[in-house]
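Reading through the structure tokens given below for one structure.
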Amino acid sequence: MQHTETRAVHASEIYDDQFGAVAPPIYLSTTFQRNPDGTFREHLYSRYSNPNRTALEHAVANLEQGECAFAFASGLAASMAIIQTLRSGDHILLPDDVYHGVVAQLNELFARFGITYSRVDFTNLELVKQAIRPNTKLVWTESPSNPMLKITDLQAVADIAHNAGALVVCDNTWATPILQRPLELGCDIVFHSATKYIGGHSDVLQGIVVLKKQNDLAEQFTRIQMVGGNVPSPFECWLATRGLKTMPVRVKAQSESAERVVEFLLHHPKVENVLYPGLENHPGHNIARKQMQHAGAMLSFLVKGNGNDAMNVANSTKLFTHATSLGAVESLIEHRASVEGAGSTTPQTLLRLSVGLEHPYDLIADLERALTDGFR
Ligand SMILES: *Cc1c(COP(=O)(O)O)cnc(C)c1O
């Protein structure tokens, strides 16, 4: 098999016989001509499939080493599709710090259809075992977690879930298939907010589900795309495909910069703690080393002081933009607790960083100044 970088560049190729275009054309056409005998060609109507979406799905499936993938209009549309494969009476087990949007979906959209859930700390495998119920159909993982960077042992959770007859989902948005391939660690379903590292430029909202096997479940996702209609446009798929080509080099460079930033923060007198799985004293360090190629480009740190101090620091950076989201070429800083709002368990002094592609020394200089100005 070719190397990841090579596959990222070439796995989404579209052959343009007419002109030999090197960059893939964007097929905006919503409908496709049938064969003279009335049969259908590869595509028939753009909600069902279209060349740009198919190219993206093939490429992401290839990078995750899954058999098939299904693109949706956002990361949450992808998680919604996963939940839509369940039935009334089914139960989902989730980590206590799962992405907040998934919990909102379960509460606001699915509770009334009789789908229940419970949440435990997935770093404690005993709790995971005990929390599985006879009707648990999905065990949902997210590693590293947001924004506490907790690490879940994906292989161990997959074994527990499979013993109980449940499938395992992994939200691999933060790690990307460049750093972690959950399907190779026993998970059945991977999903991404492609809005983040796959798109990589803060300009496309998208989600994608990848399956280990092209089986009955795959047929369900095909129907959810076709009949549910929650699909991305050809242009958005084109943008995501374009982002995907540079994802391996971006993620590597950003991860290496993140290490430099962590090193700086660790020694700063105004920093209380740095949460990064690459640190030897991180509780998930050994599992991260086993299941990830690198600890990644996301990190959180706690400032000494109070929530106001943290907010002031976030508002004092110039290179880091104070904004939500992550995974793009530009670095972002975020005061998480105030975004998550009431009920958030995130410490008020926590700031989350998404390290971008700027030079790490410039990023460090920016943080250094903000950690001074923020405390004035
Ligand atoms: C952003 C994000 C989502 C939701 O994706 P959208 O594209 O915003 O709908 C889900 N999981 C994680 C880990 C995310 O960071």
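The values are calculated or read from the model by the stated rules, or taken from the named source; none is laboratory data. These numbers were taken from a predicted model, which means no experiment stands behind them. Don't worry about glycine lacking a Cβ; one is built from the backbone with ideal geometry, like all the others, and counts go over all protein chains shown. Only protein heavy atoms, including side chains, enter the accessible area calculation; ligands, DNA and RNA are left aside. Shrake-Rupley method; radii C 1.70, N 1.55, O 1.52, S 1.80 Å.
Using a 1.4 Å probe on the protein heavy atoms, what percent of the accessible area of the chain belongs to carbon and sulfur?
Looking at the chain in its full context, I get 51 percent from C and S.
Just reorder 14, 208 by solvent-accessible area, largest first, 1.4 Å probe, all chains present.
The residues order as 14, 208, largest area first.
Rounded to the nearest 5, what % of DSSP beta bridges with both residues in the chain are antiparallel?
Roughly 55 percent of the DSSP beta bridges within the chain come out antiparallel.
Using a 1.4 angstrom probe on the protein heavy atoms only, line up 174, 238, 140 by accessible area, largest first.
238, 174, 140
In what sequence, largest accessible area first, do 87, 260, 369 appear using a 1.4 Å probe?
Output order, biggest surface exposure first: 87, 260, 369.
Among residues other than residue 256 whose Cβ falls under 15 Å from its Cβ, what is the net charge (Lys/Arg +1, Asp/Glu -1)?
Around residue 256, the surrounding residues sum to -1.
Rounding to the nearest 20 debye, state how big the charge dipole of segment 4-243 is about its Cα centre with +1 on each Lys and Arg Cβ and -1 on each Asp and Glu Cβ.
480 debye
Would you please classify the overall shape of segment 191-312 from the alpha carbon gyration tensor, given that a ≥ b ≥ c denote the square roots of the eigenvalues, rounded means a/c under 1.5, and beyond that prolate means a/b larger than b/c while oblate covers the rest?
Prolate is the answer for segment 191-312, as a/c is 1.5 or above and a/b outweighs b/c.
Could you tell me whether the chain comes out rounded, prolate or oblate from its Cα gyration tensor? Rule is a ≥ b ≥ c as square roots of the eigenvalues, rounded for a/c under 1.5, then prolate if a/b exceeds b/c, otherwise oblate.
Oblate is the answer for the chain, as a/c is 1.5 or above yet b/c matches or exceeds a/b.
GluC sites (Glu not before Pro) within segment 261-346: which are DSSP loop residues with at most 12 other Cβ atoms inside 10 Å?
Answer in residue order: 280.
Quick one: grab the alpha carbon gyration tensor of segment 226-292, order the square roots of its eigenvalues as a ≥ b ≥ c, and give me rounded if a/c is under 1.5, else prolate or oblate depending on whether a/b is larger than b/c.
Prolate, since a/c reaches 1.5 and a/b exceeds b/c.
Past 32 Å, Cα to Cα: identify those pairs from 252/304; 213/252; 137/196, in the order given.
none
Compute the separation of the alpha-carbon centres of segment 235-256 and segment 187-222 and state it in Å as a whole number.
15 Å
Give me the distance between the Cα centres of segment 99-123 and segment 15-46, rounded to whole Å.
First find each Cα centre; the distance between them is then 40 Å.
Which net charge results for the neighbourhood of residue 135, defined as the other residues with beta-carbon distances under 12 angstrom from its beta-carbon, given Lys and Arg at +1 and Asp and Glu at -1?
Around residue 135, the charge tally is +2.
By Kyte-Doolittle mean hydropathy of at least 0.0 and Cα axial length of at least 15 Å, which whole DSSP H helices of the chain are selected?
234-266
For residue 339, what charge total do you get from the other residues with a beta carbon under 15 Å from its beta carbon, if Lys and Arg give +1 and Asp and Glu give -1?
Result for the neighbourhood of residue 339: -1.
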